[in-house]
Amino acid sequence: MSTTTTTATTDTQGPDFVSFQVRDLHASADFYEHTVGLTRLPASNPQAVVFADGPVAFAVRNPFPGVDLDALGQLGAGIGVWFHCQDAHALHRKLADAGVTIVQEPFDGPFGVTFSFLDPDGYTVTMHDKA
């Protein structure tokens, strides 16, 4: 039996929005706004806080109905989320001084100075300074 595969043409691009489900919306929003330095957008959804400092919006949000974050293993394991910042060394110092867990110390790589840290829910976030 012969099968023919048809390739559909789409205009799919991605991703254009990333969100983390968090245990404490207000604490996570404060962390990303004041400690990391993202710009919070005006609130339009009581279940989420959205930040936009680049072409892809980022949000922290309450868990979807039926999701128990405490029953899961490490949140976000296997997913890499990277943010660009102009001065990775300065942000690293700020986070380290604030007691944030640094999981990868700064190093020079193909994306400039790069390092990773854990957010309040244990998501690993990577920062780099080369656009």
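Coordinate-derived values only; no laboratory data. Computed from a prediction, not measured in an experiment: that's the story for all the values here. In this analysis, Cβ positions are derived from the backbone assuming ideal geometry, glycine residues included, and neighbour counts consider all displayed protein chains.
Would you mind checking the tilt of helix 88-97 against the longest principal axis of the Cα atoms of the chain, expressed as 0 to 90 degrees and rounded to 10?
60 degrees
What does the C-alpha gyration tensor say about the overall shape of the stretch 65-113? Classify as rounded when a/c is under 1.5, otherwise prolate if a/b is larger than b/c, or oblate.
prolate
When the helices in the chain are scored as -39500 (n - 2.57) per DSSP H run of 4 or longer and the sum is shared across all residues, what 222 nm value do you end up with, to the nearest 500 deg cm²/dmol? Mind showing how you got there, number by number?
Numbers: 2 runs with 16 residues, N = 131.
So the calculated ellipticity at 222 nm is -3500 deg cm²/dmol.
List R61, R93 from most exposed to least, where exposure is judged by having the fewest other Cβ atoms within 10 Å.
R93, R61
Order these by the 10 Å Cβ neighbour count, fewest first: D119, D97.
Placing the least packed residue first, the sequence is D97, D119.
Of the listed values (i) 1.67; (ii) 1.24; (iii) 1.13, identify the label whose number matches Cα Rg over 2.2 N^0.38 Å calculated from this model.
Computed from the coordinates, Cα Rg over 2.2 N^0.38 Å corresponds to (ii).
For F107, F115, F51, which order do you get if you count the other beta carbons within 10 Å of each Cβ and list the fewest first?
Least crowded to most crowded, the residues run F107, F51, F115.
Over all Cα pairs of the stretch 26-77, how is the pair count split among 10 Å bins, expressed in % and running from 0 up to the last occupied bin?
22, 47, 28, 2
Can you tell me, using C-alpha contacts under 8 Å and at least 6 residues apart, the relative contact order of the chain as a whole percent?
Taking the mean separation of contacting Cα pairs over the length of the chain, I get 22 percent.
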